Amino acid sequence: MPQAVSPPSESRVVLLCRDPGRKALLARLVPAAETHTSAVEALLAVARRPARAVVVNLDDADGTERDLVAALRRARPETAVYLVVGAEDEPRGRLLLRSGIGDYFVLPTDVYRLPRVLAPAEAPGANQSRDRKEAAPPSRLPEAAATAPAPLPHDRGFDTAAGGAMLSRRCESMTGAPPEPVLPQAKTRHSVPPDARDLTVAARSAGASEREEPGEQRLFEAACALAGLADARPEAILREGAAAILHGLGAAHARVFTWDSGRGRLDLAAAAREAPGAGIETFEDERTAAERAVRTGETLFVEPGGLVCLPLRADGETLGALCLARKGEGAAFGPAARDAAAAIAGALARLYLAAVRREQFAALALRDAETGLLREDALGTYLAKLLARAAAQKADVAVVVLAAEGARPAAAEALPRLGREIASRLPKGWQGARLSADRFAIVGARRVGSDFPPALAHLVRTARVGGLVDLGAGLPRLRAGLAESPRDGADAEVLLAAAEERLGV
């Protein structure tokens, strides 16, 4: 009996909605949608596995709709973002069209267009332009058409974490009844996912024996091992992935290098089972070969075929290189092994890139998009950990809260610049946060009895005397309040409240 699988990426819809009434309505309109109740959950869900579309109930975006759209367009440009808005919020939806959303749907009646827009069989954007020719403001039509998504191409590789997780589950169910393939070392037939089959087809077509080329069973096990890393961190994916590849291809050792674009060079990120006597000369030779493979974008064979260097690329990004050394003197990688190595290197690259993007999504969810400072809830978590660490190290923690003086609507456009200026002046080891549109905080630890960093000394002195801080022409002046632990308390909320109370005092 065929196994149930999750919907393919081209039909997957992620929904962000907490409001019970709207969630029930959207569930009826898009019954297969995957529902999340916070922006962070929705972001990470799309980071793990691509989706055709993300539908956001604007009221439940908690003011992060611009950040959400920016994050999705940066990491998943092929994913369309749609908004569900109340009639009173239609102007906000119209403005967000400029940020890259595909369209918005106004409650209570306009939202019934949503199923037609999300239908994969429809030409992307056709519904928007057809349904809105009369109702939409003229300026919306070209923008909506320009930002409408194209269907996601089906990628048979380990494209995302969720796709890999699906493969992992299928690998755990090793007994099934498909007619092929029969794995060489197994007595039962196995249900081989398409991704694993990609890794073994070269060995089958070449007709190579397992003695000379990697066997299908080992390649299948390597594919399952990689799939099991779908939710791992980037470093673990490279480390454990190198070990899985080494086993699958029967290599003497495997090295994974990552590309440092800032320095323009490769750095060793992971290694598995170093070959006896593989010293610095072997390492440097491999790195040189890997750099050549990265520059040319082609697989490089050395000595001849005893060393294979494969560039690691995914979604057009250069990530690094994988180097594999064959066992034994004069041993070479045959055609099947080379093809399998290329397929499995591609899987590793996609897994690694997905993990890097997950971490970027998580970091973005913690920071204010306009200033780069921490959000208020993230500051609370950071400050609690800082207080615990400072208590163990017998250090003081200082909290400075800053409020823009007279931040009227006319000065509102200067507030993001003010936040960025605060971020640029943070000393090493200190953290800044944006508490609200016009309130900021700076926190950090210092040894008992030591002075504040020079960059903060003037600000702290001003806070203590209740003066105003001027960070430059064109920026609102700041009132400052200072609280210190343990004098004013040892709890994050208590310290922040104490600093707020002392604003301008």
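Condition first: at pLDDT 80 or above and buried (at least 24 other Cβ atoms within 10 Å of the Cβ). Now tell me which residues in segment 326-342 satisfy that. If the condition is that a residue be at pLDDT 80 or above and buried (at least 24 other Cβ atoms within 10 Å of the Cβ), then ALA340, ALA341 are the ones that fit. Whenever a residue of segment 360-378 is in a helix (DSSP H, G or I), its partners that are at pLDDT 85 or above, lying with C-beta atoms within less than 7 angstrom and at least six residues away or across chains, give the pairs LEU366/LEU374; LEU366/ARG375; LEU366/ALA378; GLU376/ALA433; GLU376/LEU435.
Assess whether GLU421 counts as being surrounded by fewer than 21 Cβ atoms within 10 Å (Cβ to Cβ) and touching a Lys or Arg at 6+ places or on another chain (Cβ under 6 Å). Quick ask: steps written out before the conclusion?
Working: surrounded by fewer than 21 Cβ atoms within 10 Å (Cβ to Cβ): yes; touching a Lys or Arg at 6+ places or on another chain (Cβ under 6 Å): no.
Criteria not met by GLU421.
If we only count strands (runs of 3 or more DSSP E) wholly inside segment 194-307, which ones have 2 or more residues that are of a type in the set (A, V, I, L, M) and modelled with pLDDT under 85?
Numbers: elements: 251-260, 265-272, 300-302.
In segment 194-307, the matching strands (runs of 3 or more DSSP E) lie at 251-260, 300-302.
Within segment 284-308, being within 27 Å of the chain's Cα centre (by Cα) and within 14 Å of LEU324 (Cβ to Cβ) holds for ALA290, ALA293. Across segment 479-498, the qualifying residues are those that are out of contact with any Asp or Glu (no Cβ under 8 Å at 6 or more places or on another chain) and crowded, with 20+ Cβ neighbours inside 10 Å, and the one among them that is farthest from VAL400 (Cα to Cα) is ALA492. Per the listing ARG464, ARG479, the residue uniquely of a type in the set (D, E, K, R), touching a strand residue (DSSP E or B) at 6+ places or on another chain (Cβ under 7 Å) and within 24 Å of GLY380 (Cβ to Cβ) is ARG479.
Residue-wise test of (1) of a type in the set (Ser, Thr, Tyr); (2) assigned to a helix (DSSP H, G or I); (3) touching a helix residue (DSSP H, G or I) at 6+ places or on another chain (Cβ under 8 Å); (4) at positive phi.
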| position | (1), (2), (3), (4) |
| --- | --- |
| THR35 | yes, no, yes, no |
| ALA47 | no, yes, yes, no |
| ASP67 | no, yes, yes, no |
| GLU90 | no, yes, no, no |
| ARG98 | no, yes, yes, no |
| PRO108 | no, no, no, no |
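Residues checked against (1) of a type outside the set (A, V, I, L, M, F, W, C); (2) under 19 Å from ASP396 (Cα atoms); (3) touching a residue at least 24 places away in the same chain (Cβ under 8 Å):
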| site | (1), (2), (3) |
| --- | --- |
| ARG425 | yes, no, yes |
| TRP430 | no, yes, yes |
| ARG447 | yes, yes, yes |
| LEU456 | no, yes, yes |
| LEU482 | no, yes, yes |
| ALA492 | no, yes, yes |
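Tell me yes or no: at least one residue of segment 437-451 is part of a helix (DSSP H, G or I) and under 19 Å from ALA497 (Cα atoms). No; the residues of segment 437-451 include none that is part of a helix (DSSP H, G or I) and under 19 Å from ALA497 (Cα atoms). A search for C-beta distances below 6 Å between a residue of segment 5-19 that is within 21 Å of SER38 (Cβ to Cβ) and of a type in the set (A, V, I, L, M) and any residue that is at pLDDT 90 or above and in a strand (DSSP E or B), counting only pairs 6+ apart in sequence or on different chains, returns VAL13/ALA53; VAL14/GLU34; VAL14/VAL54; LEU15/THR35; LEU15/VAL55; LEU16/VAL56. Just one residue in the set LEU58, LEU97 is buried (at least 16 other Cβ atoms within 10 Å of the Cβ), touching an Asp or Glu at 6+ places or on another chain (Cβ under 7 Å), farther than 17 Å from ARG22 by Cβ and at pLDDT 85 or above; that residue is LEU97.
The values are calculated or read from the model by the stated rules, or taken from the named source; none is laboratory data. Treat the numbers as computed from the prediction; the structure is a model and nothing was measured. Quick reminder, even Gly has a Cβ in these numbers, built from the backbone with ideal geometry, and neighbours come from all protein chains shown.
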